[in-house]
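Engineer: Before we start, here is the structure in question, set down as structure tokens.
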Amino acid sequence: RNGIYPLMNFAVSRPHALPRALSQPQEDPQKTKTPTPEPFDVETRKVVQMQCNMELNEDKSQWHLTLLLILEDKLHRQLSYDLLPTDNSKDLATELVHYGFIHEDDCEKLATFLESAFHKHRSQA
């Protein structure tokens, strides 16, 4: 009649004691296997158009990159990233392939596009 609430009256007043587990022997760190990362989906569509916008953050210390990619099936993919001083166009394009955002064949084309955008925007600043 009152739903689930009356069942609370039947709860044990003190929690059950859990048996202590025997401590497991420590494994040799060299024998411990690191988990393999899950594979990412591979992008099968190619990029047909690219647009890039770079702006300095409010404190003028870091660039913010916005990349608009239009794929073969007219899908628009917008990606944003705060650039680090150590970032380069080739590594960024390779990372986008690795995470399945662009097709592997577009990696070199995107790296060249990003490199020209970096030079253009940084020379204007």
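The values are calculated or read from the model by the stated rules, or taken from the named source; none is laboratory data. Predicted model only: the values in this text are computed from it and were never measured. All Cβ positions, glycine included, derive from the backbone under ideal geometry; neighbour counts span all protein chains shown. Just the protein is used for accessible areas: all its heavy atoms, side chains included, with ligands, DNA and RNA removed. Shrake-Rupley method; radii C 1.70, N 1.55, O 1.52, S 1.80 Å.
Engineer: Lys and Arg at +1, Asp and Glu at -1: add these up for the other residues within a Cβ distance under 12 Å of F101 and post the number.
Structural biologist: Cβ neighbours under 12 Å give a net charge of -3.
Engineer: Take the residue pairs K74/K109; K60/K120; K60/K109 and return only those whose Cα atoms are more than 22 Å apart.
Structural biologist: Exceeds cut-off: K60/K109.
Engineer: Tell me, what % of the accessible area of the stretch 47-123 is carbon and sulfur with a 1.4 angstrom probe? The partial results should precede the final answer.
Structural biologist: Values: 2390 of 4790 Å².
C and S atoms contribute 50 percent here.
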